[in-house]
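Student: Okay, here's the structure, questions in a sec.
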Amino acid sequence: MRIALRGGFESRGPSGATHGVVLSWRDRARVPCSRELWCHSPVVDLLAPAFVANPHPHLHALRAEDPVHWSERHRAWVLTRHADVQRAFRTRSLSSEHTGVGDQRDPIVRVLHNWMEFRDPPDHDRLRRLVQRAFTPRVIEGLRPRIGALVDEMLAALRNAGGGDYMEAFAYPLPATVIAEMLGVPVSDQVTFRGWSEDIKGVVFGGLEDEERFQKARRGFLELEGYFRELIAHYRAAPEDNLLSALADTGSELADDEIVGTSVLLLFGGHETTSNLLSNGLVALRDFPAVRRELERDPSGIPRAIEEFLRWDGPTMLMVRLCTEDVEIGGATLRAGDRVFLHQTAANRDPARFADPDRVDPARPDLQSHVAFGYGTHYCLGAPLARLEAAIVFERILRSYPDLEVGGGALEWRRTMLARNLDRLPVGFGSRAAA
């Protein structure tokens, strides 16, 4: 909705039509909400600096006042209650295919159109089935020694440097290296690989409004697409024991465009999301020192703590859906063609589902009911890998680096609607001796 002069607002619907009604804030409380007259809570800007810095008070207020909220600013419904978000994930009339076909000459369109994340069944199920064999419990557990070696190497380097930016030195390169090795990206190419990841992040996670950065992202997509096409051809001629070789097999059901799209998706699913979990979890340990002390005393609680980190400030803030037909959610009618934000961050701090939701409490019941990794058909394929990496990282930090501390000052969050993504996280080493 658009704020008008003198504290009123001009009522608009999702179609963009102006209803010609201007109400004061006092008057609007007496007008019932309907499709014909929008009278929702004050404007919510998911990219405003105050929201990016700390979204939780704003989401608590929105959930209390208007849990199924039409945002004129974002041209979308915003769902903030756990029950509504969970139901929306299960609702077939809310489609993941919201990117549109677009101009296939554009590398961004070509790649994103072939992400399983942006496909509905049966295409989604076909793509997921062919990739899922790389994420079985046996395969993931087999990665434990290599992940442990990488964690030890990177944490030792961080200590030897006397601290630094945890994001740059550890939280970004660790999961990027793991997923690159799974795909079959040569070690010599991995620095360039991570650079492309940075270039295209703005498009993938939203919030990219600068034209120069957008063009940089387009070039990144084009270069990454070309790189994967060459690597697919290489592994088709000389297969090795990696995921790209398996996908490039001539007996595969995937077209090359789908292999490229899937490879880029795995880059983000296995890199950005896990990076955010590793950093946001460390912030949780800083903000709740009693939890850290208990985990140092009894590391067996780390798996539950990771679930609580995911709930408290998960790596993904929201997922986008498109209504393919009219659907009623939380007493509101969402029309065909409307865009819907399933706000996981809000759902995971819904006091109707989680008592005292702003507190980190690994002992709370029903931790598994958080929606940090999505829910239903599109539940994150890489969730077991993210959990394993996080378990190894926090076990090593709590056991061998109890003096690793997050630096002072305000946290620097990236301006994006979709991810809870720190820009920097300075760390140092305090006076406590390592065990």
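The values are calculated or read from the model by the stated rules, or taken from the named source; none is laboratory data. Predicted model only: the values in this text are computed from it and were never measured. As a convention, Cβ positions derive from the backbone with ideal geometry for all residues, glycine included, and neighbour counts pool all protein chains shown.
Student: Which of (1) surrounded by 20 or more Cβ atoms within 10 Å (Cβ to Cβ); (2) farther than 30 Å from Leu47 by Cβ does Ser300 not meet, given it meets every other one?
Tutor: For Ser300, the failing item is (1).
Student: Filter the stretch 78-98 for residues that are over 9 Å from Arg321 (Cβ atoms) and hydrophobic (A, V, I, L, M, F, W, C); which is surrounded by the fewest Cβ atoms within 10 Å (Cβ to Cβ)?
Tutor: Ranking the candidates gives Ala83 first.
Student: Further question: Restrict the check to the stretch 104-111 and report whether at least one residue is modelled with pLDDT under 85, surrounded by fewer than 13 Cβ atoms within 10 Å (Cβ to Cβ) and touching a helix residue (DSSP H, G or I) at 6+ places or on another chain (Cβ under 7 Å).
Tutor: Within the stretch 104-111, one or more residues are modelled with pLDDT under 85, surrounded by fewer than 13 Cβ atoms within 10 Å (Cβ to Cβ) and touching a helix residue (DSSP H, G or I) at 6+ places or on another chain (Cβ under 7 Å).
Student: Here's another thing I want to ask about it. For Gly337, state whether it is assigned to a loop (DSSP other than H, G, I, E, B) and in the same structural domain as Ala386 (by TED's automatic domain parsing).
Tutor: Against the criterion (assigned to a loop (DSSP other than H, G, I, E, B) and in the same structural domain as Ala386 (by TED's automatic domain parsing)), Gly337 qualifies.
Student: In addition: Out of curiosity, is Val131 crowded, with 18+ Cβ neighbours inside 10 Å, outside any helix (DSSP H, G or I) and among the hydrophobic types (A, V, I, L, M, F, W, C)?
Tutor: no
Student: With the stretch 137-183 as the region, which helices (runs of 4 or more DSSP H) entirely inside it contain at least 1 residues that are farther than 18 Å from Glu395 by Cα and within 19 Å of the chain's Cα centre (by Cα)?
Tutor: 173-183
Each row is one residue, and each column tells you yes or no for (1) part of a helix (DSSP H, G or I); (2) modelled with pLDDT under 85.
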position: Leu222; (1), (2): yes, yes
position: Arg229; (1), (2): yes, no
position: Arg236; (1), (2): yes, no
position: Ser245; (1), (2): yes, no
position: Leu254; (1), (2): no, yes
position: Leu277; (1), (2): yes, no
